[in-house]
Amino acid sequence: MKTQPAQLPQLLKKSLAPVYLISGDEPLLVQESCDEVRAAAKQAGFHDRLTFHADHQFDWSVIGEEFGSLSLFAEKRRIEIHLPTGKLGDGRAVLERILQQPPEDIILLLISTRLDAAETKRKWYKELQNKGVHVPIWPVDGDKFSGWLQQRAKSRGLQLTRGALDILTDRLEGNLLAASQELDRLALFGGDKTIDEEVIEQAVQDSSRFNGFELVSELLAGHAPHARKMIGVLKQEGENPLGLLAVLTRDLHLTMELSAAIARRDAPSGFLKQRGVFQPQRARTIEQAARRLARPQLHKALELCSNIDRATKGFDPLSPWDYLEDMATHLSLRT
């Protein structure tokens, strides 16, 4: 079945499905829905977890073997598979076999970017609809972002004045991940007080010289020397690469989609507004990247994102910052 993110908690309380698919291009909302599934599974005794990243080199037979083997001491397991491109390739046949008769001691969590229409017509997806739950995550429309932001603030015990809400709405331009991080910072500054314009300005003055969102812009613009400098600063400041990676992956997918739209002679400005990109500077950066970078170059950049993700989680001998420096070089190349 297919359900909305807001309905997922209630479904999880009723019963657990053998498989969940969380898909979309809003990293924050995808992560939160995944966390809800994880929490419900752990409460039901599914404590053991295996995580896989299904990039182009992934061997899907490993998944088949995991589902075909008996877990040690009959422990319940969670198997999570990240689909960085939303394409399953050889995994389609594996999932079809698994979904025909899902084991009772395993919960499968598929975490994907937004699926294209072709993928949702395949047999594996129809089997998933019958046996499991699909939670598609859609961007918050631009005209609804202000309300989303106000509601998000209230959920954290913050009260925003009208002026403060207007400033944040204009600055964040529909970026949910940035909004979540900004509200975390404002909670530290404001405490239990009402958040007004003065509190916001104080928080801005205290912010780091460089941040992850500026780095993503520099990477997409191909400014390798400055991007490497920013990478060094963020590394020294102890920045978490996962937050940066979520924004970078989202904008790379958006750049690839815009590249295809431009090839169809669609208007870039209209396309970007439909996808919730209203900030002029961000829109220019993405449009310029879409015109400058070739599709193979963008596919390779997404593969590097998978490497960064693995390295951040300790599955790669290299540091995620090493791969980010490779990303700076790769996106600066002219093809």
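The values are calculated or read from the model by the stated rules, or taken from the named source; none is laboratory data. Everything numeric here is computed off the predicted structure, so don't read it as measured data. Because the Cβ atoms are built from the backbone with ideal geometry, glycine has one as well, and the counts that use them run over all protein chains shown. Heads up: the accessible areas ignore ligands, DNA and RNA and are worked out on the full protein's heavy atoms, side chains in. Shrake-Rupley method; radii C 1.70, N 1.55, O 1.52, S 1.80 Å.
How far apart, in nm, are two points set 7 Å out from the Cα along the Cα-to-Cβ line at GLU201 and at LEU242?
Distance between the two pseudo-spin positions: 3.6 nm.
In the chain, once you exclude exposed GluC sites (Glu not before Pro) (DSSP loop, at most 16 other Cβ within 10 angstrom), what's the longest stretch remaining?
Formally, the longest exposed-site-free interval is 105-236.
Can you list the chymotrypsin sites (Phe, Trp or Tyr not before Pro) in segment 16-102 that are in a DSSP coil and have 12 or fewer other beta carbons within 10 angstrom?
Here no chymotrypsin sites (Phe, Trp or Tyr not before Pro) fit, given the DSSP loop and packing criteria.
So how exposed is ASP48, as accessible area in Å² (1.4 Å probe, rounded to 10)?
Probe radius 1.4 Å; accessible area of ASP48 about 60 Å².
What percentages make up the Cα-Cα pair-distance distribution of the chain when the bins are 10 Å wide from 0?
Binned Cα distances yield the sequence 5, 23, 31, 26, 12, 2.
What size of dipole, in debye to the nearest 20, comes out for the chain about its Cα centre when the only charges are +1 on Lys and Arg C-beta atoms and -1 on Asp and Glu C-beta atoms?
That gives a dipole near 940 debye.
Taking a threshold of 31 Å on the Cα-Cα distance, which of the pairs LYS76/LYS126; LYS76/LYS154; LYS13/LYS126 fall above it?
LYS76/LYS154
By its C-alpha gyration tensor, with a ≥ b ≥ c as the square roots of the eigenvalues, how is segment 1-99 shaped: rounded for a/c under 1.5, else prolate for a/b larger than b/c, else oblate?
Oblate, because a/c is 1.5 or more while a/b does not exceed b/c.
Separation between the LYS126 and LYS14 pseudo-spin-labels, each 7 Å from Cα along Cα→Cβ, expressed in nm?
For the pair LYS126/LYS14, the computed spacing is 2.4 nm.
For a Förster distance of 22 Å, can you work out the FRET efficiency between the beta-carbons of GLN297 and ALA117, rounded to the nearest 0.05?
About 0.30, to the nearest 0.05.
Test of understanding: in a Gaussian network model of the chain with alpha carbons linked when under 10 Å, which of PRO268, PRO225, PRO280 would top the mean-square fluctuation ranking?
Looking only at PRO268, PRO225, PRO280, the largest GNM fluctuation is found for PRO280.
With each run of n ≥ 4 DSSP H residues scored as -39500 (n - 2.57), what mean residue ellipticity at 222 nm is computed for the chain after dividing by its residue count and rounding to the nearest 500 deg cm²/dmol?
-18000 deg cm²/dmol
For PHE52, enumerate residues with amide H under 5 Å from its amide H, sequence gap 5+ or separate chain, H modeled in the peptide plane.
GLU80, ILE81, HIS82
Given labels modelled 7 Å from the Cα in the Cβ direction, how far is it in nm from ALA263 to GLN281?
Between ALA263 and GLN281, the label points sit 3.1 nm apart.
To the nearest whole percent, what portion of all C-alpha pairs in segment 105-258 is separated by more than 25 angstrom?
Percentage above 25 Å: 47.
Compare LYS14, LYS235, LYS126 in a GNM of the chain, Cα atoms joined below 10 Å, and give the one with the largest fluctuation.
Top of the fluctuation ranking is LYS14.
Accessible area per residue, 1.4 Å probe, Å², for the chain: what's the number?
Ligands and nucleic acids excluded, the result is 50 Å² per residue.
Percent relative contact order of the chain, based on C-alpha pairs within less than 8 angstrom and at least six residues apart?
18
Just reorder ARG275, ARG264 by solvent-accessible area, largest first, 1.4 Å probe, all chains present.
ARG264, ARG275
Tell me the carbon and sulfur percent of the accessible area for segment 74-156, rounded to whole percent, probe radius 1.4 Å.
47
Hey, which lysines would be in cross-link range of LYS121, C-alpha to C-alpha under 22 Å, not counting anything within fewer than 8 residues on its own chain?
Answer for LYS121, where 22 Å is the Cα cut-off: LYS2, LYS87, LYS131, listed by chain and number.
At a 1.4 Å probe radius, which order do TRP138, TRP321 fall into by accessible area, largest first?
In descending accessible area the options line up as TRP138, TRP321.
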